[in-house]
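All remarks here apply to the structure that follows.
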Amino acid sequence: MTKQKKGNYTFCMIAISLSVFLMFFLQTFLLVDGTNVFMAHFTNWAATQVSLPITIGGYIAIVTTFLIGSWLIRHKGRGMMLALILITGLATIALASSESSYPLYFAAMVIINITAAAMLVLGTAVITNWFSQTRGRVLGFVTIGAPFSTAVCVPVIQRLLMSGIAFKTIFTVFGIAILAFGVLAFLTVPYVPEDVGLHADNAETAPEKTTETGATANWSLKELIKCKEAWFVMLGFGLMMLVSNCVMPLLFPHFMEIGVDPNTVLNLMTISAIVGIPLSYAWGWLDDKIGTKKSCYTLGIGFLLMSIAMVLAKNGNIVIVAMAVIGIAAVIGGAPNLNPSMIVNVFGASEYLNVNRYMNIGQNILRLLALVMMSSIRDLTGSYIPGYVVCVILSVVALLCFVGIRKRYSEEAN
């Protein structure tokens, strides 16, 4: 292996890892952690008005991510990556100017939902194209973008707003930064290693490919519907996404409601996010070391313990509250990391885009039920606590789904 070839691979690995890291950061910042900011800031609108475009955009994104995933099976996605990031940046700038215009806020949030979801599909596809033996660790790094967002978004943005810095200024600067990121990613991230004369994992020879992108579509929707492993993967991670969305966007208002001091909540969220940064990588390391299935068992147990802690925190006991928030840090980064790994593990890397486009439909339908479910339960009972009891049950079902995955249809490692 020449020094130049090794250097080119190292440069591409760093560029890809940082770019997909930022994609996870953007998606979490704008659509998960951002909900805490928007709910607290847009007080001139009802809470249902603030959340409505996020929900509607999420359902539209189910269709658009399926279409984009289908397109990526036969086409390279570098140009699409540029377009998605630039549109996200422009929509963020529009969001910054939406304080006095609900239609502008509505349109911006719908667009951001669509583009951010598509970015993650494309970003994880790039990783499956480039990495096999180290895929878990690379995914472990890029998913750190999610807890890093939590460390920045709610605590920092809320404090900036409280100090008098305008919402418009903060999000305009952020939107411009996204535009710059899009250009840099386009210039530095090849979609497949063969585009720059390399092979996956920097191997000397390339695996045989049946298409230009290396992606295949051997599994039809009809076959996946008949495959119990497909159902278990979809339900296992879909239920985890649902539980995550029951917890993360409502963390601040829930703990405020049970009597925890706002500054304490913000400090705990910051600590949680900082702890979550190395733990996100730890999930990838665990994936590579003990295998994807065992890692998923561990993740399922973690979600169960986190949900139990959210129920026990009902009296505002600071020790239990801290346990719940740190538990969130321990598990949230695992689902986006292990989901693509499990799909590759069961169906093969070449089938990732094909199978994932169908998985996304079911998983996102479940994910988008979270705010509706929690809001309805709170309206009926006056508390979010019964909703977290439901999360305990859902976490048990998710764990049983992983236990039910017995058969593999690929020779991928792990």
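The values are calculated or read from the model by the stated rules, or taken from the named source; none is laboratory data. Note that the structure is predicted; figures quoted are calculated from it, not measured. Cβ placement follows ideal geometry from the backbone for every residue including glycine, while neighbour counts extend to all protein chains displayed. Please note that ligands, DNA and RNA were not included when accessible areas were found on the heavy atoms of the full protein model with its side chains. Shrake-Rupley method; radii C 1.70, N 1.55, O 1.52, S 1.80 Å.
For the stretch 313-322, does any single residue satisfy the condition of being in contact (Cβ under 8 Å) with a residue 40 or more places away in the chain, assigned to a helix (DSSP H, G or I) and closer than 29 Å to Arg137 by Cα? The answer is yes, given that some residue of the stretch 313-322 is in contact (Cβ under 8 Å) with a residue 40 or more places away in the chain, assigned to a helix (DSSP H, G or I) and closer than 29 Å to Arg137 by Cα. Would you check if Gly348 is over 18 Å from Gly238 (Cα atoms) and open to solvent by less than 30 Å² (accessible area, probe 1.4 Å)? Yes, satisfied. When you look at Ile361, is it free of Cβ contacts under 8 Å to residues at least 40 places away in the same chain and within 23 Å of the chain's Cα centre (by Cα), yes or no? Judged against the criteria, Ile361 is not a match.
The residues listed here are Ile377, Ile361; of these, the one that is surrounded by fewer than 21 Cβ atoms within 10 Å (Cβ to Cβ) and either among the basic types (Lys, Arg) or within 30 Å of Gly259 (Cα to Cα) (or both) is Ile377. The residue that is modelled with the lowest pLDDT, among those in the stretch 213-224 that are surrounded by 13 or more Cβ atoms within 10 Å (Cβ to Cβ) and not in a helix (DSSP H, G or I), is Thr213. The condition of being at pLDDT below 90 and either farther than 26 Å from Phe252 by Cβ or surrounded by fewer than 17 Cβ atoms within 10 Å (Cβ to Cβ) (or both) holds for only one of Ile301, Ile343, Ile318, that being Ile318. Hey, does the stretch 398-414 have a residue that's within 19 Å of Ser51 (Cβ to Cβ) and either open to solvent by 30 Å² or more (accessible area, probe 1.4 Å) or touching a residue at least 24 places away in the same chain (Cβ under 8 Å) (or both)? The answer is no, given that none of the residues of the stretch 398-414 is within 19 Å of Ser51 (Cβ to Cβ) and either open to solvent by 30 Å² or more (accessible area, probe 1.4 Å) or touching a residue at least 24 places away in the same chain (Cβ under 8 Å) (or both).
Taken as a whole, the condition of being within 24 Å of Gly123 (Cα to Cα) and out of contact with any Leu (no Cβ under 7 Å at 6 or more places or on another chain) does not apply to Gly164.
Inspection of the stretch 371-385 finds no residue satisfying the criterion of being of a type in the set (Lys, Arg), in a helix (DSSP H, G or I) and closer than 30 Å to Leu122 by Cα.
Can you tell me which residue is farthest from Ala116 (Cα to Cα) among those in the stretch 60-96 that are basic (Lys, Arg) and part of a helix (DSSP H, G or I)? Among those that are basic (Lys, Arg) and part of a helix (DSSP H, G or I), it is Arg74. From the list Ala330, Ala335, the lone residue that is under 16 Å from the mean Cα position of the chain (by Cα), open to solvent by 30 Å² or more (accessible area, probe 1.4 Å), small (Gly, Ala, Ser) and closer than 18 Å to Met240 by Cα is Ala330. Considering the stretch 46-76, the residues that are open to solvent by less than 50 Å² (accessible area, probe 1.4 Å), modelled with pLDDT of 85 or more and not small (Gly, Ala, Ser) include one that is nearest to Leu251 (Cα to Cα), namely Ile54. Selection over the stretch 162-194 of residues that are farther than 15 Å from Thr92 by Cβ, surrounded by 16 or more Cβ atoms within 10 Å (Cβ to Cβ) and in contact (Cβ under 8 Å) with a residue 60 or more places away in the chain gives a count of 7. The set of residues in the stretch 97-111 being in a helix (DSSP H, G or I) and either surrounded by fewer than 20 Cβ atoms within 10 Å (Cβ to Cβ) or under 14 Å from the mean Cα position of the chain (by Cα) (or both) consists of Tyr102, Pro103, Leu104, Phe106, Ala107. The C-beta contact set for the stretch 115-132 (first residue within 9 Å of Ile16 (Cβ to Cβ), second residue open to solvent by 20 Å² or more (accessible area, probe 1.4 Å), distance under 6 angstrom, 6+ apart or interchain) comprises Trp130/Ala200. Yes or no: the stretch 225-248 includes at least one residue that is open to solvent by 10 Å² or more (accessible area, probe 1.4 Å), in contact with an Asp or Glu (Cβ under 8 Å, 6 or more places away or on another chain) and part of a helix (DSSP H, G or I). Yes. Residue check: is Gln27 assigned to a helix (DSSP H, G or I), open to solvent by 20 Å² or more (accessible area, probe 1.4 Å), out of contact with any Cys (no Cβ under 6 Å at 6 or more places or on another chain) and within 25 Å of Pro190 (Cβ to Cβ)? It is true that Gln27 is assigned to a helix (DSSP H, G or I), open to solvent by 20 Å² or more (accessible area, probe 1.4 Å), out of contact with any Cys (no Cβ under 6 Å at 6 or more places or on another chain) and within 25 Å of Pro190 (Cβ to Cβ).
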